[in-house]
Amino acid sequence: MNSKVLIVDDEPTALATLEAILTGDGYQLEFASNGNTAIEKAEQLLPDLILLDVMMPGMNGFEVCRRLRATPKLAEVPIIILTALDDRSSRLQGIEAGADDFLIKPVDRQELRLRVGTILRLDRYRTLSIQRENLRKMAEHVVNAQEQERKRLSRELHDDLGQALIAHMLRLQNLRAEIHIKDELIKKELDDLIADTNQTIRKMRQLAQDIRPTMLDTLGLKTTLQNH
């Protein structure tokens, strides 16, 4: 997607000049001729960069810049102030208002193109860094959720299913003890059932251990890995 550049200036000639300089670089150019329109368009478009004139009727560029910085969704949008004011006080006022760069009119064509390109590249890098950090946090959240689910499954296997199987085996053992000595066939079947139940309990315990080793919660990851 092409970067969106909002150009704010009350002079039609200045707008046309900036359009001519930046046309051909692949940007989506948008225009505003006063401060109020600039703020409205910025909120609608969410531009990647704003080129902002200072000397405008009604609301000057410094005030526009302050209002943009006070708007949460626009607070990080890069702003280059373009003005004929070249005194130190004006520069400091622009920095105080929140401008990222300051160019004196008439602007050098090549310098403007380079400044715009550099700021947009840096802003894209910042955006990518934020996106990567968000993805990292999402991945961490997914891993934590998976670990909690493993922990839950392990606990249910060990506590709920394990206890049920043990109770089942005890009932089989009690039943076997009550059978008359001559009923060898039934006793053999019960012995097999008891052996199968014991094997199931061992497999269940191993599965619970594999899903979430209890050592993780008691001794931590380092000791668990060393033991493994």
**OP:** Could you please find all residues in region 90-104 being in contact with a strand residue (DSSP E or B) (Cβ under 6 Å, 6 or more places away or on another chain) and either surrounded by fewer than 17 Cβ atoms within 10 Å (Cβ to Cβ) or closer than 19 Å to Ala20 by Cβ (or both)?
**Re:** Arg91, Leu103
**OP:** Determine whether region 136-149 contains at least one residue that is open to solvent by 70 Å² or more (accessible area, probe 1.4 Å) and more than 19 Å from the chain's Cα centre (by Cα).
**Re:** yes
Original post:
Restricting attention to region 122-135, does a residue exist that is surrounded by 15 or more Cβ atoms within 10 Å (Cβ to Cβ) and either at pLDDT 85 or above or closer than 21 Å to Ile79 by Cβ (or both)?
Top reply: yes
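From the list Asp87, Asp25, Asp53, exactly one residue is at negative phi and in contact with a strand residue (DSSP E or B) (Cβ under 6 Å, 6 or more places away or on another chain). Which is it?
On the way: Asp87 fails: in contact with a strand residue (DSSP E or B) (Cβ under 6 Å, 6 or more places away or on another chain); Asp25 fails: in contact with a strand residue (DSSP E or B) (Cβ under 6 Å, 6 or more places away or on another chain).
Answer to the selection: Asp53.
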**OP:** Filter region 6-22 down to residues that are touching a residue at least 24 places away in the same chain (Cβ under 8 Å) and open to solvent by less than 60 Å² (accessible area, probe 1.4 Å), then give me how many there are.
**Re:** 9
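Of everything in region 66-77 that's within 13 Å of Leu52 (Cβ to Cβ) and modelled with pLDDT under 90, which residue is surrounded by the most Cβ atoms within 10 Å (Cβ to Cβ)?
My answer is Val77.
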**OP:** For residues that are open to solvent by less than 50 Å² (accessible area, probe 1.4 Å) and assigned to a helix (DSSP H, G or I), tally how many sit in region 23-59.
**Re:** 6
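The values are calculated or read from the model by the stated rules, or taken from the named source; none is laboratory data. As the structure is a prediction and not an experimental result, all values here were calculated from the model. Neighbour counts are summed over all protein chains in view; Cβ atoms, including those assigned to glycine, are modelled from backbone coordinates with ideal geometry. Only protein heavy atoms, including side chains, enter the accessible area calculation; ligands, DNA and RNA are left aside. Shrake-Rupley method; radii C 1.70, N 1.55, O 1.52, S 1.80 Å.
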